[in-house]
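Here, each number is a calculation from the coordinates, and none is a lab measurement. No experiment lies behind these values; they were computed from the predicted model shown. All Cβ positions, glycine included, derive from the backbone under ideal geometry; neighbour counts span all protein chains shown.
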Amino acid sequence: MTPLASARLHAFAYLSDVLSPVWDLPAFDGKILKIDGGPHYPDLQEELDHLVVLGLVEVSNLEYVGRGENGARLEGQYALNFASSFLAPLLAGLGAGKEDEAIDADDRRVHNFMVELAGALATLPNDEIDIAASVDVTYRSVNSLNNIVDFAEWAEDTWQANPSWQASERFEAFLPDDAELSPGEKLYLYATYLGRVANAA
């Protein structure tokens, strides 16, 4: 899935937030502004730009892309710079190395979740991945107030506010009584669902 286009990176960030309860993790950001072109996190983009300046991430194919009423956005293709001597220890500290190298034990769980979600989305063709976040159940929710999709930030009942989480848990209803799905299997099934909706769009 890399190098990763800006829009796809932000879509992945959104899907990781909205599906984090499947892994029993809190959302990093429980709300998103619904705009043309799919999810976009200005803070994430700023941090990504910092990583480019520090030489930890490489960017290519920069271009301005129109976003309807939201103007234009500078987008590119991003990839980790594995030539950087700082990258390996940094990733290890964030849970991508051995278990005892993680600065925080929870970072290992977050890393495992991200890898599983990336693997699930990678089973889809590129054109389906590109619009997966836009066809997500929560993102296209008609209950969005002023184009803000709030699934965990101010919502009193995060289960009710997050139809994506509900849908991923619903798959178990189709199994025999003595069977259950792992969190990873739920992510793969939800990715398959997104692909079908994207195909129908």
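Below is a table of values for the structure above.
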quantity: Subset tally (residues that are over 19 Å from the mean Cα position of the chain (by Cα) and surrounded by fewer than 14 Cβ atoms within 10 Å (Cβ to Cβ)) for the range 148-167; calculated: 4
quantity: Restricting the range 123-140 to residues that are crowded, with 17+ Cβ neighbours inside 10 Å and of a type in the set (S, T, N, Q), the residue that is nearest to Leu187 (Cα to Cα); calculated: Thr138
quantity: Of all residues in the range 168-197 being among the aliphatic types (A, V, I, L, M) and surrounded by 19 or more Cβ atoms within 10 Å (Cβ to Cβ), the one that is nearest to Asp136 (Cα to Cα); calculated: Leu194
quantity: In the range 11-43, the residues that are without any contact (Cβ under 8 Å) to a residue 60 or more places away in the chain and buried (at least 17 other Cβ atoms within 10 Å of the Cβ); calculated: Ala13, Gly37, His40, Tyr41
quantity: Among residues of the range 168-184, those that are under 23 Å from the mean Cα position of the chain (by Cα), more than 26 Å from Ile32 (Cα to Cα) and either assigned to a helix (DSSP H, G or I) or in contact (Cβ under 8 Å) with a residue 40 or more places away in the chain (or both), counted; calculated: 1
quantity: Some residue of the range 146-162 being without any contact (Cβ under 8 Å) to a residue 24 or more places away in the chain and at positive phi; calculated: yes
quantity: Filter result (within 17 Å of Leu33 (Cα to Cα) and either in a helix (DSSP H, G or I) or of a type in the set (Phe, Trp, Tyr) (or both)) within the range 142-162; calculated: Phe151, Trp154, Ala161
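Matching residues to (1) more than 18 Å from His10 (Cα to Cα); (2) among the hydrophobic types (A, V, I, L, M, F, W, C); (3) surrounded by fewer than 12 Cβ atoms within 10 Å (Cβ to Cβ); (4) touching a Phe, Trp or Tyr at 6+ places or on another chain (Cβ under 9 Å):
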site	(1), (2), (3), (4)
Gln77	no, no, no, no
Phe82	yes, yes, yes, no
Pro89	yes, no, yes, no
Gly93	yes, no, no, no
His111	no, no, no, no
Met114	no, yes, no, yes
Leu121	no, yes, no, yes
